[in-house]
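Q: Please read through the structure below; I'll follow up with questions.
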Amino acid sequence: MNYPPIIIGVGRNYKSHADEMRSETGVIFFMKNPTSIISSGENIVIPACCESESQVDYEGELAVRIGKTGVDIS
């Protein structure tokens, strides 16, 4: 797989999620390891250090990859 050089995530961007985390509403940005992504249809492999279900969380995420720079894009 051709991994992107950087992944920037956005979190806590809606009230119910902030409430779930017992924190204030407000967008946070974070970085993810580029090797943490998989393609559609690939198996999810849970590392041996995280085999306890109490340490594994699931959620769906959407990723957008920008492959070229752009100027004056409508």
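Every read-out reported here was derived from the displayed coordinates using simple, explicitly stated rules and does not represent laboratory data. As the structure is a computational prediction, the values presented were derived from the model and not from experiment. All Cβ positions, glycine included, derive from the backbone under ideal geometry; neighbour counts span all protein chains shown.
Q: Counting other C-beta atoms within 10 Å, which of D19, D72 has the fewest, and how do the rest follow?
A: D72, D19
Q: Neighbouring Cβ atoms within 10 Å as the yardstick, rank S39, S74 fewest first.
A: Ascending number of Cβ neighbours within 10 Å: S74, S39.
Q: Whole-Hz Karplus ³J(HN,Hα) for segment 30-42, in order, using 6.51 cos²θ - 1.76 cosθ + 1.60 and θ = phi - 60°, x for Gly and Pro?
A: Per-residue couplings from phi come out as 8, 9, 10, 5, x, 7, 7, 9, 9, 8, 4, x, 6 Hz.
Q: Name the residues whose placed amide hydrogens come within less than 5 Å of the amide hydrogen of I7, ignoring near sequence neighbours (fewer than 5 apart) on the same chain.
A: Under 5 Å from the amide H of I7 lie the amide H atoms of K32, each far enough along the sequence or on another chain.
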